[in-house]
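This report refers to the structure that appears directly beneath it.
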Amino acid sequence: MYDAPVTSDHVLDLFRRVGALLDGHFRLTSGLHSGSYLQCALVLQHPREAEACGAAIAQRAFHLGAQVVLSPALGGIVIGQEVGRGLGVRAMFAERQDGKLTLRRGFRLEPGEKVLVVEDVITTGGSTRETIEVARAAGAEVVGAASIIDRSGGLAAQQSLDVPYMALATLSVPTYEPQTCPLCAAGQPVVKPGSRT
Ligand SMILES: [Zn+2]
């Protein structure tokens, strides 16, 4: 049995080890600049690490009594599957159709079914919130939400979620407009990393 990475430091060490968390000067997809780059997929490409993160979330969420895990595609699919494995419940995902998150592929939630919403990273809480709405629209009961990383320093959950939320690690990552970026001002070259940063 794999030892679950249960401390925040352990999780962040893991991210740094595989290059999923970099320090430097980055231009994010939003156009904003940041001193850190986070790409969960680089951790989740390693099945044993993905499983360990899923097991750690499952351990913390076990008391919520979820009967199914629901994740937003694409970022939430791998970790959602692993949390489902850890809880011993099924895992499904919602995906965008005409811009709107929807259950497809015959996925069904039963009225009153207890749902845990799982994502890789929460930045603003927007897609977790939208996934919660998908579950509620199907008549299910959302008992909580979880992610590997909370990149909002705890703000996203406070400001946009109305269910219990947990993350394995919390980061507070400032972002800057290019015109006022201190890293630009210091003359440090800016790098555009992979998508979804
Ligand atoms: Zn900059």
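The values are calculated or read from the model by the stated rules, or taken from the named source; none is laboratory data. For clarity, every value in this text was computed on a predicted model and none was experimentally measured. For neighbour counting, all protein chains shown are included, and Cβ atoms are generated from backbone atoms with ideal geometry for every residue, glycine included. Quick note on the areas: whole protein, heavy atoms, side chains included, nothing else; ligands and nucleic acids left out. Shrake-Rupley method; radii C 1.70, N 1.55, O 1.52, S 1.80 Å.
List of remarks:
- The range 104-129, residues that are in contact (Cβ under 8 Å) with a residue 60 or more places away in the chain and hydrophobic (A, V, I, L, M, F, W, C): 118, 121
- For the range 61-77, the set of residues classified as surrounded by fewer than 24 Cβ atoms within 10 Å (Cβ to Cβ) and either modelled with pLDDT under 95 or among the aliphatic types (A, V, I, L, M) (or both) consists of 61, 64, 68, 73, 74, 75, 77, listed by residue number.
- Residue in the range 13-35 that is surrounded by 21 or more Cβ atoms within 10 Å (Cβ to Cβ), among the charged types (D, E, K, R) and farther than 25 Å from residue 132 by Cα present: no
- Of the strands (runs of 3 or more DSSP E) lying entirely inside the range 78-197, those containing at least 2 residues that are open to solvent by less than 20 Å² (accessible area, probe 1.4 Å) and more than 16 Å from the ligand (Cβ to nearest atom) are 90-97, 114-122, 141-150, 165-170.
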